[in-house]
Structure formats: structure tokens, C-alpha cells
Amino acid sequence: MREMISFILMGIGVAFNLLGCIGLIRLPDLYNRLQASTKCVTLGTIFIMVGVLVYSGWNAIGIKALLTLVFILITAPTAAHALARGAHKSGVKLWKKSVCDKYEEEKK
Amino acid sequence: MKRFTLFLALFIIWLLLVYNRPYDTVAFKQNLFIGFIVSLFIGIYLGDLIPERVYKFYSPVRIFNFLIYLPVFFWYVILANLDVAYRVLHPRLPIRPGIVKVKTKIKSDTGRVALANSITLTPGTLSVDMVGDTIFVHWIYVRSEDVEEATKIIVKRFERYLMKIFD
């Protein structure tokens, strides 16, 4: 029963990771791609880690999975912010159909 | 206080990392000893990196508010993922991206960082940069270019929780 639950959780996680990868291919520019990859990969990895925790129980492996989960939750959005900011500063353009860019206006 | 907080945080993380049963082996005691020494030194020398007014972290009311915030946050994270799934799998890609400007009323730096990270992980938004109380947000489907309107949609859903935790 516990194995079953953990496999279902890991399956959901892998499915979300897959969605993130599809987004990475289909969306048009860097910022949109960052959106898809950050969100889906974060939640997907959280699900996989919870799956590991359920599978192995409250022992050395499970606690390391829990710690990984917390650190990913803190670092993934920070890394996304750093990438987006760095890309914008070094002149990566938004998609041509984007409606507005207040950040560009602010820089002038 | 700052130094003690850093020491405590590092030591707890170390304890979780080396957690292993049974407790009374020599290796576990060695781990415990080394971890204590190292986190003590780092705590003393790098304690200044911890934000001012760190006593806020010990307030039970704030911890309680944080526990209330967690389910709200996870709910929005799951919504965000379903939103991305919808946009990515839709044949015509229903996106209308742009970078908008929002204002926040949160004063403390830690609170602003938490807000920016929450914005990144929630539906359709990605915080690009923060200048003072202004956050530039990349929005995958821009519903309003106006600062007030965008603030109402993006920031307000977290602000009242985060203000209770960090301000």
C-alpha cells in the first residue's frame, strides 16, 4: 500500500517535470520558458521527494529527501529571478508579440 | 542573538543530515561533535550575515501565521502548475506576455524576498527584479498594464499573510 502511494506520487512528479520540458520547447522566449520550467520542475521535484519520503519512511533517506525539498523550494525561484534579471540586463529581447515591458522603460 | 540563530539553524540542518539509527555508535558521536564545533565557528564569525531583528523568528504568533500561509502557498503552486499545463498543451498557445510593475507595502527585506519568491512560484508570474518597493513581474498573460490593477491581482493575495509573518 505504501509502495503504491509513493509510486503514484512519483508518477505525478514525473508528469509535471515532463510538462515543464514541453513548455521549455513550445514557449517562444526565455522568460516564458523560465516560467514553465521553474514552476513545473519545482512542483514535480517536490512530488518525487515526497514519494521518496513515503517510500523509505522516517529514516536517513527520508529526512534527506525532506531537506532537499525545502532547499529546492527556496533556491529554484531565486535562480529563476537571477537568470531573468541577468538575461534582461544583457539585452535579451522579449517575444515580439509581448504587450508591454515596464522594466525596459524604467531603465532609460 | 544573530550568532545564536545562525548556529542553531546550521546545527539543526547538520543533525537532520547525519540522522541515523542507532544513536549510540561512535560515528554518530563524532558527527555530532564535529557538527557542533563547525556550526559554532561559522555562527560566531558569519553571524552578521543574518538579518537584523532576528528575534521575530522566535515569536509564536509569527510561526503560527507561517503555518497558516503554507497551505495557501501550496494551493497556489498547484494552481500555477495546472495553469502552465493548460497553456503549454493548448494547440494555439494562449499567451500574452509582458513585464509589468507592481508595488508592495511590505517593509522588511526578508518579507520582500519571500514575496518575490512566492510570486515566482504562483500562476503565470515571474519576478524579474526588485527596486525598493517596486517589483518587476513577467506575466505570461497580461490582464492589466496598470500598476494599481496589476498589484491588486498579483500581490494582494500574498501580502496580507506575509505582512503578518515578516512585518
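The values are calculated or read from the model by the stated rules, or taken from the named source; none is laboratory data. Here the structure is a predicted model, which means the values were calculated and not measured. As a convention, Cβ positions derive from the backbone with ideal geometry for all residues, glycine included, and neighbour counts pool all protein chains shown.
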Complete set of residues in segment B:129-139 that are buried (at least 22 other Cβ atoms within 10 Å of the Cβ) and either of a type in the set (S, T, N, Q) or facing chain A (nearest Cβ under 8 Å) (or both): B:F136, B:H138
The lone exception for B:N117 - which of (1) over 22 Å from A:W95 (Cα atoms); (2) surrounded by 23 or more Cβ atoms within 10 Å (Cβ to Cβ) it fails: (2)
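Condition check: farther than 26 Å from B:P94 by Cβ, small (G, A, S) and surrounded by fewer than 19 Cβ atoms within 10 Å (Cβ to Cβ). Does A:A87 satisfy that?
Working: farther than 26 Å from B:P94 by Cβ: no; small (G, A, S): yes; surrounded by fewer than 19 Cβ atoms within 10 Å (Cβ to Cβ): yes.
For A:A87, the condition - farther than 26 Å from B:P94 by Cβ, small (G, A, S) and surrounded by fewer than 19 Cβ atoms within 10 Å (Cβ to Cβ) - is not met.
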Failed condition for A:A84, given (1) touching a strand residue (DSSP E or B) at 6+ places or on another chain (Cβ under 9 Å); (2) more than 7 Å from chain B (Cβ to nearest Cβ): (2)
Candidates B:I68, B:I37, B:I78, B:I42 - the one that is within 19 Å of the chain's Cα centre (by Cα), part of a helix (DSSP H, G or I) and more than 27 Å from A:A15 (Cβ to Cβ): B:I68
Condition check for B:A85: at pLDDT 85 or above, among the small types (G, A, S), farther than 19 Å from A:T75 by Cβ and touching a Gly at 6+ places or on another chain (Cβ under 9 Å): yes
Residues located in segment B:5-47, provided they are surrounded by fewer than 14 Cβ atoms within 10 Å (Cβ to Cβ) and either of a type in the set (G, A, S) or assigned by TED's automatic domain parsing to the domain that holds B:K107 (or both): B:A27
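Got a sec? Which of B:N117, B:N31 is polar (S, T, N, Q) and farther than 30 Å from A:I25 by Cβ? Give the steps one after another, and end with the answer.
Numbers: B:N117 fails: farther than 30 Å from A:I25 by Cβ.
After ruling out the rest, the residue left standing is B:N31.
If you go through segment A:25-33 one residue at a time, do you hit one that is part of a helix (DSSP H, G or I), touching a residue at least 12 places away in the same chain (Cβ under 8 Å), in contact with a strand residue (DSSP E or B) (Cβ under 6 Å, 6 or more places away or on another chain) and within 10 Å of another protein chain (Cβ to nearest Cβ)?
Taking segment A:25-33 first, the residues part of a helix (DSSP H, G or I) are A:25-26, A:30-33.
Retained after the next criterion (residues that are touching a residue at least 12 places away in the same chain (Cβ under 8 Å)): A:30-32.
Checking the rest, the ones that are also in contact with a strand residue (DSSP E or B) (Cβ under 6 Å, 6 or more places away or on another chain) come to A:31.
Narrowing the set further to residues that are within 10 Å of another protein chain (Cβ to nearest Cβ) leaves A:31.
Scanning segment A:25-33, I find at least one residue that is part of a helix (DSSP H, G or I), touching a residue at least 12 places away in the same chain (Cβ under 8 Å), in contact with a strand residue (DSSP E or B) (Cβ under 6 Å, 6 or more places away or on another chain) and within 10 Å of another protein chain (Cβ to nearest Cβ), so the answer is yes.
What are the residues in segment B:85-112 that are in contact (Cβ under 8 Å) with a residue 24 or more places away in the chain, in a helix (DSSP H, G or I) and under 23 Å from A:H88 (Cβ atoms), if any?
Going through segment B:85-112, the residues in contact (Cβ under 8 Å) with a residue 24 or more places away in the chain turn out to be B:87, B:94-111.
Okay, now just the ones that are also in a helix (DSSP H, G or I), so B:87, B:109-111.
If the condition is that a residue be in contact (Cβ under 8 Å) with a residue 24 or more places away in the chain, in a helix (DSSP H, G or I) and under 23 Å from A:H88 (Cβ atoms), then B:R87, B:D109 are the ones that fit.
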Pairs where the first residue, in segment A:47-60, is within 11 Å of another protein chain (Cβ to nearest Cβ) and the second is crowded, with 21+ Cβ neighbours inside 10 Å and at pLDDT 90 or above, C-beta under 6 Å, 6+ apart: A:F47/A:G13
Where A:L66 falls short, out of the listed (1) under 19 Å from B:D83 (Cα atoms); (2) within 10 Å of chain B (Cβ to nearest Cβ); (3) part of a helix (DSSP H, G or I): (1)
